[in-house]
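Working notes, structure below.
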Amino acid sequence: MKIHEYQAKEILAKYNVPVPRGKVAYSVAEAEAIAKELGGSVVVKAQIHAGGRGKGGGVKVAKDVAEAAVIAEKILGMTLITHQTGPEGRLVQRLLVEETLPIERELYLGIVLDRGTGKIIFMASAAGGMEIEEVAAKDPDAILKEVIEPGIGLQPYQARKLAYGIGIPAAAANAAVQAMLALSKACMEMDATLAEINPFILTKDNKVYALDAKINFDDNALFRHKDVVELRDVNEEDPLEVEASKFGLNYIKLDGNIACMVNGAGLAMATMDIIQYAGGTPANFLDVGGGASAEQVKNAFRILLGDPAVKAVLINIFGGILRCDTLAAGVVAAARDLGIAVPIVIRMEGTNVKEGQLILKESGFNFIVADGMKDAAEKVVAAAGGSN
């Protein structure tokens, strides 16, 4: 789960990470009032779940209250397009209005899970204010790393090593170390999958601040954080993904034209791979789960077909807890109720597979039955119009 920058800063402030003074605004009048409260010279920042806002025109500095109002009117309600939003962009519905600060240097701090080691990694770099992926590609040695041991957390000696390693002067070292320890504590206690400050700034008077902040949360741990769940902004999420979450379906929209309905995350990944191997492009990841009902299958179909890019559907089911006859009944019900017009390729194996195949055969619909995954991938790619 993602949250907005201003929400991330509110969380970090509770852990004593220094953040600029600022407030969220939902209207031009609110932005103007906040700018006046902060002293006039402010930064007006679009709040969307995407990076690259500055390059897209979503972050502007105002020298006084009047200019802040003009900028707010321009940004609020705009469709902001960045390298992370895609060409469709995102509608800006709220702004963060913050005080300006005398920036001396822009640095980077970030905490992520390293799946190679199975541990949390604290990263720091003197190359702040730019995409960390770009830094990693051009100069990997510019990113310093410290392993956070489970149950121990980031240690002060590690934070000092990072602080001096990225060139923070002695006068600001203690403040930077405390900010790093606070960021680490926030990440661990909040079950974050990503906690990033970019840029982490050093001011001319040797103070440090989180000038920008990003926190993503582990969906599986949200039951422990009801307050975090309340921060969810469904307007920033794909409508089909929001709809799928209502029915307990694991759905992620992708850019292709072949919809996939699979039970089990591993099988879903393999299905997407084999579609690409056959020359096609998957339109989604969809795991209906091991115990899906016929009603869930129907809802899954409705969500799949809600994507106008879909030209064909591949159903790949291994009948275990989800029996093949249950799946077949749901597919037939969906075809009748939803008026499915695109080709449907079905590959089923496992529990009650013969019963499931009989249901499909007697349904009156022209389902394409495949013999194995390779055959299924080749047939669905052909049904969608051939290789890309």
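We did not get these values from a lab; they are worked out from the coordinates using the rules stated. For clarity, every value in this text was computed on a predicted model and none was experimentally measured. Every residue, glycine among them, receives a Cβ derived from its backbone with ideal geometry; neighbour counts consider all protein chains shown.
Overview of values
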item	result
Where the Cα pairs of region 238-383 fall when distances are cut into 10 Å bins, in %	13, 49, 35, 3
Length-normalised contact order for the chain - Cα pairs under 8 Å, 6+ apart - percent	12 percent
Formal net charge of residues neighbouring residue 84 (Cβ-Cβ distance under 12 Å; K, R +1; D, E -1)	+1
Total formal charge among the other residues, if their Cβ is under 13 angstrom from that of residue 177, Lys/Arg +1 and Asp/Glu -1	+2
Neighbour-count ranking [beta-carbon atoms within 10 angstrom, fewest first] of 373, 180, 269	269, 373, 180
Crossing angle, helix 324-338 versus the chain [Cα axis fit, 0-90 degrees, rounded to tens]	80 degrees
Charge tally in the Cβ shell below 11 Å around residue 277, where Lys, Arg are +1 and Asp, Glu are -1, residue 277 excluded	-1
Karplus 3J(HN,Hα) series, Hz, for region 71-76 with 6.51 cos²θ - 1.76 cosθ + 1.60 (x for Gly, Pro)	5, 4, 5, 6, 7, 5
Between 0 and 90°, nearest 10: helix 265-277 axis offset from the chain longest Cα axis	80 degrees
Förster radius 51 Å - calculated FRET efficiency between residue 138 and residue 27, Cβ distance, rounded to 0.05	0.80
Sparse-neighbour loop sites [chymotrypsin sites (Phe, Trp or Tyr not before Pro); region 184-246; at most 11 other C-beta within 10 Å; DSSP]	none
Answer label for semi-axes √(5λ) of the Cα gyration tensor in Å (calculated), chosen among (1) 47, 24, 18; (2) 35, 22, 20; (3) 52, 21, 17	(1)
Sorted by Cβ density within 10 Å, fewest first, the residues 105, 336, 347	336, 105, 347
The chain: angle of helix 156-165 to the longest principal axis, Cα-based, in degrees nearest 10	80 degrees
Order of 81, 120 under a 10 Å beta carbon neighbour criterion, fewest first	81, 120
DSSP bridge pairs, the chain: antiparallel proportion in percent, nearest 5	75 percent
Karplus-derived 3J(HN,Hα), 6.51/-1.76/1.60, for each residue of region 340-348, Hz, glycine and proline x	5, 10, 8, x, 10, 9, 10, 10, 10
Residues in region 178-216 that a label on residue 113 would reach, taking backbone N under 16 Å of a point 7 Å out along Cα→Cβ	187-196, 215-216
Backbone HN-Hα couplings from phi across region 170-183 [Karplus 6.51/-1.76/1.60, Hz, Gly and Pro as x]	4, 5, 10, 4, 4, 5, 5, 4, 5, 5, 5, 5, 5, 4
Order by protection proxy (mean Cβ within 10 Å, highest first), peptides 255-265, 134-144, 46-56	255-265, 46-56, 134-144
Packing-based order for 310-317, 3-10, 247-254, 169-176, using average beta carbon neighbours within 10 Å, highest first	310-317, 3-10, 247-254, 169-176
Gained length - residue 276 relative to residue 10, 0.36 nm times residue gap less alpha-carbon distance	91.5 nm
